[in-house]
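Here's the structure we're looking at; comments come further down.
The values are calculated or read from the model by the stated rules, or taken from the named source; none is laboratory data. Worth saying up front: this structure is predicted, and the values here are computed from it rather than measured. Methodologically, a virtual Cβ is constructed for each residue, glycine included, from the backbone with ideal geometry; neighbour enumeration extends over all protein chains shown. To get the accessible areas, we keep the full protein, side chains included, count just its heavy atoms, and leave off ligands, DNA and RNA. Shrake-Rupley method; radii C 1.70, N 1.55, O 1.52, S 1.80 Å.
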Amino acid sequence: MKRIWSMQQSSGRMSEILGDSLGLSPVVMDILALRGFQEPKETIEFLRPTLLNLFSPFCFKDMKPTIHRLSLALEKKEKILIYGDYDVDGVTSTTLLYKVLTDLGFQAVAYIPHRQDEGYGLHSEAIQRAAEAGVSVLITVDCGITAISEVKLAETLNIDVILTDHHEPLERLPEAYAILNPKVENSGYGFRDLAGVGVAFKLAQALLSSFGNQEVGIHTEIQLLDLVALGTIADLVPLVEENRIFVQFGLRQMEESHHLGLLALLDECGLRDKPLKAGQIGFMVAPRINAAGRMDSARAGLELLLTGDQERASELAHQLTLENQTRQEVEKEILAEAIALLECEPLPRVIVLSASHWHHGVIGIVASRLVERYYRPVFMIAEEGDEAKGSARGIAGYPVLEQLGTQAHLLIKFGGHRQAAGFSLHTEDIECFRAGLNEQALAFEDSLFQEVLKIDRQVSLEEVSADLLRQLDQMAPFGFGNPGPTLASKGIPVHSVSPVGKEGSHIKFRFGYQGKQEGIAFRLGERIGELSGKLNLDAAFSLDWNTFRGREEVQLMIKDIQTEAEWSDSSTVLDYDAQNPFQEIAVAYDQPMVEWLDWRNLHPEEWPMPDINTLWIWDTNGSAPTLRKGKSKRPLEEVAVSEVDQEERKIQGESLGVILGLPLTEEDFKEGVEKLRKLGIFRIALAGFQSPDEERVRQRCNCLEREELIRLYRALLAKSKLGNPFHWEFDAQVLQNGKLALKIFEELGLLRCLGGTDKIALEWIPAQSKLDLDTSLRYRFAKEHVARALKFQHNLLESVDWNSYN
């Protein structure tokens with residue numbers, strides 16, 4: 001299906017500000033601005049991820065009771081069952097928790113249900129067997145949040161259940177001993193999109209901080225991140241915030257993994273001793289582990305990740321490769337059958353296909369392939385006698401789980417995520433299920449079923465360079481939630497077009513009048529007749545390195561190519577300036593100009609107070625600015641128009657605003673003006689200004705002085721000489737600045753964070769040459785921020801023309 005191209009346009013102001021602050025190209029800054037990055041500090045944390053930004057595992061409100069129960073299990077040597085799932089997320093979660101528990105001396109066993117014989121989730125039969133085996137604590141990983149009756153059964157059998165999961169909960173929760181799931185309301189955790197292995201890792205962090213010691217705990221946390229990255233990538237959770245951190249550091253750890261089975265898998269994929277990318281793990285490594293669970297039992301994958309025997313690891317890795325090849329053949333057969341069924345009749349809004357001979361473990365992948373081909377929600381069903389099992393995959397804007405809910409009366413059970421889910425139903429109900437989903441789909445706009453290719457930035461061929469690719473690489477790891485940037489060029493000169501690959505299934509292009517720029521279009525070989533002979537083409541592409549005989553060149557990875565692309569007419573110019581604190585204070589068409597009152601040199605008793613009903617003060621004299629009502633000491637944090645009394649809103653035209661004290665930064669000043677304007681206040685007095693205080697400005701800008709960094713450097717160096725790696729703990733009063741200093745040292749390559757959120761494990765890395773603090777993006781930005789703030793303060797003190805601030 002031909003795709004429509006769509007690109008949002010930035011007004012340019014936000015990307016200009018980010019570019020000035022961070023020294024990145026306009027292309028990269030436009031992309032970051034359009035992805036929602038509006039402040040340099042937040043952009044820096046994205047471009048320079050660090051383990052120091054992880055939340056404490058004890059943010060989960062049920063983490064303390066979990067650790068309390070497990071401490072009793074350790075003390076009494078109770079048997080603990082880790083109950084997992086057969087996909088990569090479940091296998092890595094099970095492996096990780098089993099390793100940590102057994103290393104810490106717990107009596108733990110691991111169990112993964114068989115996909116064909118048992119299916120997904122917690123099962124009563126397994127709980128009965130666990131009770132008979134003397135299990136008293138059951139920990140689920142990547143499952144269990146909907147297992148209400150099963151958890152109740154466990155309770156009657158004197159088994160305490162600790163649920164760790166990341167799937168969407170139902171309205172009613174199981175009555176478990178503890179629940180660790182960031183999607184549960186009031187879970188306490190600050191990031192809801194963890195994978196199952198991410199939740200398991202948070203429990204591992206809590207276990208290591210509670211029961212670990214110098215020998216057991218100090219290296220372990222970072223050594224687990226290769227498993228966390230593998231499960232996180234495979235489960236297609238958004239690679240943002242904590243997931244981004246896990247994958248960034250997990251990929252590095254994978255290159256020097258302590259898990260022999262993972263290294264053996266990398267060998268099988270030809271990736272050993274190479275820099276790794278998230279895409280390689282998702283498309284080459286993860287499917288091999290998934291293949292075991294799809295075709296037979298996931299226990300081979302579990303054994304692979306747990307084994308300490310190199311020979312056995314190689315044997316299992318090769319076995320999984322063979323199983324993956326079998327899975328690929330079965331997938332190919334089912335896909336061909338599915339396409340043949342669909343080509344016989346008009347394409348429905350929702351594709352629902354079923355057959356009695358399809359393998360339940362493979363239909364989910366086939367559903368994904370059909371989504372790619374037809375851009376329709378797909379529900380694939382494997383009939384198994386009277387009962388059938390299905391897998392669903394969605395498209396943007398189509399909530400799979402919600403739509404399954406509309407057919408709940410036909411389903412035996414269902415669960416999953418917004419874009420992917422599993423379900424089961426009686427075979428005789430399949431036709432009603434198909435009709436019901438398609439009837440529900442009539443409520444969606446036709447445009448939902450037209451694939452739109454989102455373009456991040458339009459560029460000329462001349463802008464494509466190695467430097468641009470290196471800057472774009474700073475946005476990696478790429479994946480769901482943080483896709484690799486898609487660029488587009490209109491009317492690129494075509495030098496040559498040639499088929500490549502087996503049966504000419506791919507196309508190689510040479511672009512530019514001299515053919516210097518190479519491009520490759522995978523799986524587009526069938527279009528070579530259409531594209532050959534064209535002088536110019538519109539191309540949408542990502543950039544990647546093409547390495548040949550040790551030489552690296554930039555290559556265009558073609559995502560779509562057309563004689564003339566069809567662009568969406570709904571593309572909008574986004575005005576990020578209206579939302580960010582660095583904006584120019586532009587005047588809206590329906591708002592008056594601000595009337596400025598100059599009281600800068602007057603004492604409060606000298607203020608010429610006009611006859612007003614309401615006084616609002618933006619007070620910048622404290623550690624952070626606050627908005628409060630005149631003659632009231634009660635701070636009104638983040639006051640919005642909706643928070644003002646209805647009667648008071650009627651008389652805002654008779655109100656006055658005061659900016660009290662010399663704002664420390666331009667951001668503080670502009671934030672205050674915006675808050676007052678939102679309250680309908682357009683008479684603003686500037687009062688109580690004092691001489692600039694450079695120290696306060698530094699504190700407000702989070703700028704550490706060179707001397708502070710040198711003192712901490714010496715303290716860390718001295719600590720490392722007593723033992724390296726080592727633990728480091730900050731006093732609560734210096735926690736923020738202390739962590740910032742560690743982040744700067746981490747950027748400079750002086751240390752590596754090994755884990756911990758309160759007490760931090762660090763490895764000191766001696767400097768090999770003289771260091772330049774300005775190579776740290778955080779340090780350089782803070783220093784420049786202070787300089788800009790001081791300059792602004794001086795301008796504010798000396799200014800006589802306030803109209804420039806309207």
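Summary of values
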| item | result |
| --- | --- |
| Filter pass, Arg714 being open to solvent by 10 Å² or more (accessible area, probe 1.4 Å), farther than 25 Å from His603 by Cβ and in contact (Cβ under 8 Å) with a residue 60 or more places away in the chain | no |
| For Asn324: the one exception among (1) exposed (fewer than 15 other Cβ atoms within 10 Å of the Cβ); (2) in contact with a Lys or Arg (Cβ under 7 Å, 6 or more places away or on another chain) | (1) |
| Selected residue [without any contact (Cβ under 8 Å) to a residue 60 or more places away in the chain, on the phi < 0 side of the Ramachandran plot, in a strand (DSSP E or B) and among the hydrophobic types (A, V, I, L, M, F, W, C)] from Ala340, Ala443, Ala382, Ala435 | Ala382 |
| Hits in the stretch 676-708 - residues which are in contact with a helix residue (DSSP H, G or I) (Cβ under 6 Å, 6 or more places away or on another chain) and in a helix (DSSP H, G or I) | Lys678, Val697, Arg698 |
| Residue check, Lys41 of a type in the set (Lys, Arg) and within 30 Å of Ala292 (Cα to Cα) | no |
| Pairs with Cβ under 9 Å, 6+ apart, first in the stretch 734-759 and among the acidic types (Asp, Glu), second surrounded by fewer than 19 Cβ atoms within 10 Å (Cβ to Cβ) and not in a helix (DSSP H, G or I) | Glu746/Arg48; Glu746/Thr50; Glu746/Arg752; Glu747/Arg48; Glu747/Thr50; Asp758/Ser56; Asp758/Glu729; Asp758/Phe730 |
| Cβ pairs under 6 Å, 6+ apart, first in the stretch 71-98 and under 12 Å from Leu305 (Cα atoms), second open to solvent by 20 Å² or more (accessible area, probe 1.4 Å) and not in a helix (DSSP H, G or I) | Thr94/Ala110; Tyr98/Ala110 |
| Single residue of Leu353, Leu370 found to be open to solvent by less than 40 Å² (accessible area, probe 1.4 Å), outside any helix (DSSP H, G or I) and modelled with pLDDT of 95 or more | Leu353 |
| Qualifying positions in the stretch 274-297 - crowded, with 23+ Cβ neighbours inside 10 Å and out of contact with any helix residue (DSSP H, G or I) (no Cβ under 6 Å at 6 or more places or on another chain) | Gly293 |
| Qualifying residue in the stretch 60-78 (condition: closer than 24 Å to Arg252 by Cβ and in contact with a strand residue (DSSP E or B) (Cβ under 9 Å, 6 or more places away or on another chain)) | no |
| Candidate set: the stretch 51-85, residues that are within 27 Å of Leu751 (Cβ to Cβ) and in a loop (DSSP other than H, G, I, E, B); chosen: the one most open to solvent (accessible area, probe 1.4 Å) | Phe55 |
| Which numbered condition Arg48 misses (of (1) open to solvent by 20 Å² or more (accessible area, probe 1.4 Å); (2) closer than 25 Å to Gly134 by Cα) | (2) |
| Those residues of the stretch 616-659 which are open to solvent by 30 Å² or more (accessible area, probe 1.4 Å) and either at pLDDT 50 or above or of a type in the set (Val, Ile, Thr) (or both), in sequence order | Asn621, Gly622, Ser623, Ala624, Thr626, Arg628, Lys629, Lys631, Val641, Ile651, Glu654 |
| Condition broken by Ile585, with the remaining ones in (1) surrounded by 11 or more Cβ atoms within 10 Å (Cβ to Cβ); (2) at pLDDT 50 or above satisfied | (2) |
| Filtered residue count, the stretch 92-131, keeping only those that are closer than 13 Å to Glu150 by Cα, open to solvent by less than 20 Å² (accessible area, probe 1.4 Å) and in a helix (DSSP H, G or I) | 3 |
| Only one of Gln248, Gln253 that is in contact with a Pro (Cβ under 6 Å, 6 or more places away or on another chain) and surrounded by fewer than 24 Cβ atoms within 10 Å (Cβ to Cβ) | Gln248 |
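Here's the yes/no breakdown for (1) among the small types (Gly, Ala, Ser); (2) under 17 Å from the mean Cα position of the chain (by Cα):
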residue	(1), (2)
Phe449	no, no
Arg457	no, no
Ala466	yes, no
Leu469	no, no
Ala476	yes, yes
Gly481	yes, yes
Gly484	yes, yes
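Residue by residue, here is whether (1) closer than 26 Å to Leu101 by Cα; (2) out of contact with any Asp or Glu (no Cβ under 6 Å at 6 or more places or on another chain); (3) of a type in the set (D, E, K, R); (4) touching a residue at least 24 places away in the same chain (Cβ under 8 Å) holds:
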residue	(1), (2), (3), (4)
Leu230	yes, yes, no, yes
Cys269	no, yes, no, no
Ile289	yes, yes, no, yes
Arg299	yes, yes, yes, yes
